[in-house]
Amino acid sequence: MNVWYKCMYYLLVIGLCLSGPALLVGWKWVVEPNWGTVDVVQASRPIERGARLAAADLKTVKVKKEQLVAGALVNLPDALRQETTRTVRLNEQITEDMLNTAHLIPSPNEWNMPLPAEWMFGKPPGSLLRGDRVSLLLVQKEEGKKADEKTANQELTRDNLDQLNIPYEEEGMLQEIVVSYAKGTNNQEIGSSDDRKKPTGMVSTIELIVDNNQKELIRKYGTKGYQFLVVYR
C-alpha cells in the first residue's frame, strides 16, 4: 500500500511540474491567438475591379476586434461569386460596399433600361463604370450648343429649371441612378485594372436600373426632344 501511495505521490509531483509549461504552451498557441479575436475574410491576392470572387482570391484570418473594419464579411461563402466594385489590395478586409450584390439586380418594381445614344448630351464620362450612380441633367436639344458647360455646371435651383420648363421635383427624381452596364463601341463591358486610371475602352452606351417613375420620366423627356447630360461624383 505504501508503494502505491509513493507512486501516486511522485506522479502528482511530476504532473504539477509539467502542468506549468503545458499551461504556458497552451496559452501561447491556443488561448492567446483566439482571445479577443474574430474571423474575417481577406483578399489572398490583388483583385481587379469587376472580378468575380473565387475561393483562390480569398482567405479567412483572425484579427483583433478593434482591427475589424466596419461592414467586413466574416463568412467566406458570403463573398464567393460576388463582383468587386473596386480594386482590392492584398490582405485587405472584404466589406459589403466592395461587392456588387442586390443593387445591380432590378427589383420587381424596377427595370434595366438602356439610354439611347441620341438622348445623351455629349458622351458619358470616360471613367464611368458598372455600379456607379449617376444623375441625369436635362438639356433642351435645340439649345444644346449654348447650354453645354453652362448647364453642366449650373446649380439645380427652381429658377434654373423653370427656364428649361422642367419641374424641380422631376429633376430630383433623376438623381443617384445605378449604372447596370457601361459598354464601349465593341459592345463589351468597360473595365478598369487600376481603379479608373486605365479603363479598357471609351463608354458609348449605358444601361440604368430605374423604377417606374424614372422610366416614364426618361421616356417623356427623351421623346420631347430633350437630352440627358450624364454626371456622377
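Computed over all pairs of different Cα atoms, the Kirkwood value for the hydrodynamic radius of segment 37-100 is 11.3 Å.
Modelled spin labels at residue 117 and residue 66, positioned 7 Å past Cα toward Cβ, are 5.7 nm from each other.
Modelled spin-label separation between residue 170 and residue 56, with each label point placed 7 Å from Cα along the Cα-to-Cβ direction: 5.3 nm. First measure r as the distance between the Cβ atoms of residue 95 and residue 216, then evaluate 1/(1 + (r/R0)^6) with R0 = 30 Å and state the FRET efficiency to the nearest 0.05. The calculated FRET efficiency here is 0.25. In terms of the mean number of neighbouring beta-carbon atoms within 10 Å, the peptides 128-139, 89-100 order highest first as 128-139, 89-100.
Bear in mind that the values in this text are calculations on the coordinates, not laboratory data. Because the structure is a prediction, the values reported are computed rather than measured. Here Cβ is always computed from backbone atoms with ideal geometry, including for glycine, and neighbour counts include all displayed protein chains.
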